[in-house]
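Asks: Sharing a structure, written as structure tokens. Questions coming.
Values quoted throughout were computed directly from the atomic coordinates according to the rules given, and no laboratory measurement underlies them. Predicted model, so just to flag it, every value in this text is computed and none were measured. Backbone-built Cβ (ideal geometry, glycine too); neighbour counts: all protein chains shown.
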């Protein structure tokens with residue numbers, strides 16, 4: 001048998017340090033590119049639904065044409081009143097959503113999502129919002145998303161010192177009295193939370209009887225699926241529908257996947273990254289095989305099978321995957337941090353993504369090794385002896 005096959009594959013790689021480094025750079029670049037494509041794609045999806053996850057509700061009433069929170073359409077307020085009479089529903093409240101331009105501290109105009117709800121209704125999961133929400137009963141007051149895109153450091157420093165900040169929105173003066181942190185999305189630069197009365201004052205043409213979403217909370221122990229079925233039986237499907245909050249999240253993600261090119265674009269970019277990496281590694285391994293054709297022919301003359309000889313090439317592929325993946329992951333983490341800082345949008349590295357990309361990297365290098373073994377199969381002892 002060929003002893004120390006893995007050591008032989010390693011020895012052949014490090015025998016040409018420049019070639020080895022070039023192969024590792026190809027793997028690293030491919031890994032980094034795949035992580036960036038997947039990160040961007042999930043950043044789009046995650047930022048679109050992060051407002052959904054901010055809401056504190058067991059069920060939501062939405063329009064039949066709803067796409068997401070920002071493009072939710074409207075429902076008749078009477079449907080919310082009707083839902084409050086259904087067995088299992090403890091309480092609920094109307095949520096009003098729109099987008100508005102406003103003047104940022106540097107004088108630039110920005111577009112933010114505006115969300116209005118009754119100040120004494122606990123509508124949000126963020127304790128910072130809950131702690132300050134009752135202060136919104138004062139007309140014209142706002143809670144500012146400190147993660148919004150733009151330079152709000154002066155405003156936030158002032159809030160820490162008890163100083164409020166007044167600016168203009170919709171031709172009216174509004175005052176920021178507190179902050180919370182959510183972050184920007186691709187569609188909006190951030191979120192502002194106000195009372196339902198202030199919302200109506202800023203949206204003079206908006207019918208107060210047509211909220212964007214109805215937030216429903218159930219009595220303790222109630223089964224959301226059962227209550228949802230009861231609500232569906234009494235509500236008019238022509239103007240409203242009921243979902244769990246998680247259903248709403250998945251509905252929005254599904255709408256984006258079906259109706260936008262985002263998944264296709266980033267999926268294609270991921271495939272291109274893997275293809276480029278495979279081609280670079282294949283070229284490096286093919287050159288290495290060509291350089292050692294005499295040794296492979298000698299092994300064949302000694303009676304070793306193609307499988308044992310080709311395993312050396314596959315071992316080299318595995319080494320490149322194992323050594324090229326960590327720096328690619330490290331570079332991607334650095335770029336993720338830079339993106340979070342630059343655009344005020346969340347981009348994370350979940351462990352399942354790391355596992356998936358690692359498996360894809362091993363597969364990429366295995367494909368490259370398969371391409372390189374075509375030359376090794378042709379090793380002929382007659383050419384040596």
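Asks: Given 0.36 nm per residue, what is the gain on full extension from residue 351 to residue 338 after removing their alpha carbon distance, in nm?
Replies: Stretched fully, the residue 351-residue 338 segment lengthens by 2.7 nm.
Asks: Right, here's the next one. Would you calculate a helix-derived [θ] at 222 nm for the chain, using -39,500 (n - 2.57) for each DSSP H run of n ≥ 4 and dividing by the full residue count, to the nearest 500? Could the numbers behind the result be given before it?
Replies: Values: 12 runs with 205 residues, N = 385.
That comes out to -18000 deg cm²/dmol.
Asks: What's the angle, to the nearest 10 degrees (0 to 90), between helix 245-259's Cα axis and the longest principal axis of the chain?
Replies: 60
Asks: When Rg is the radius of gyration of the Cα atoms in the chain and Rh is its Kirkwood radius, what does Rg/Rh come to?
Replies: We get a ratio of 1.18 for the chain.
Asks: I've got another one for you. So what's the stretch 64-239 giving for Cα Rg divided by 2.2 N^0.38 Å, two decimals?
Replies: Taking N as the residue count of the stretch 64-239, the ratio is 1.10.
Asks: Now a separate question. Place the peptides 344-355, 135-146 in order of packing, highest mean first, counting for every residue the other Cβ atoms within 10 Å and averaging per peptide.
Replies: Ranking the peptides 344-355, 135-146 by packing returns 135-146, 344-355.
Asks: On a full-extension model of 0.36 nm per residue, what is the gain between residue 181 and residue 156, subtracting their alpha-carbon distance, rounded to one decimal in nm?
Replies: Numbers: separation 25, 0.36 × 25 = 9.00 nm, distance 1.13 nm.
Value of the extension gain: 7.9 nm.
Asks: For a footprinting-style exposure proxy, rank 217, 160 by other Cβ within 10 Å, fewest first.
Replies: 160, 217
Asks: Starting from the Cα-Cα distance between residue 223 and residue 323, subtract it from 0.36 nm times their residue separation and give me the gain in nm to one decimal.
Replies: Full extension from residue 223 to residue 323 adds 31.0 nm.
Asks: To the nearest 10 degrees, how steeply does helix 224-234 sit against the main Cα axis of the chain, on a 0 to 90 scale?
Replies: 50
Asks: Treat the stretch 128-185 as a sphere of radius equal to its Kirkwood radius over Cα pairs and apply Stokes-Einstein at 20 °C in a medium of 1.002 mPa s; give the translational diffusion coefficient in µm²/s, rounded to a whole number.
Replies: Answer, rounded: 181 µm²/s.
Asks: Say we join alpha carbon atoms closer than 10 Å with springs in a Gaussian network model of the chain; which of 131, 149, 241 then has the biggest fluctuation?
Replies: Fluctuation is largest for 131.
Asks: Hey, another quick one. Could you state the angle between the C-alpha long axis of helix 351-376 and the longest principal axis of the C-alpha atoms of the chain, as a value from 0 to 90 degrees rounded to the nearest 10?
Replies: For helix 351-376, the angle is close to 30 degrees.
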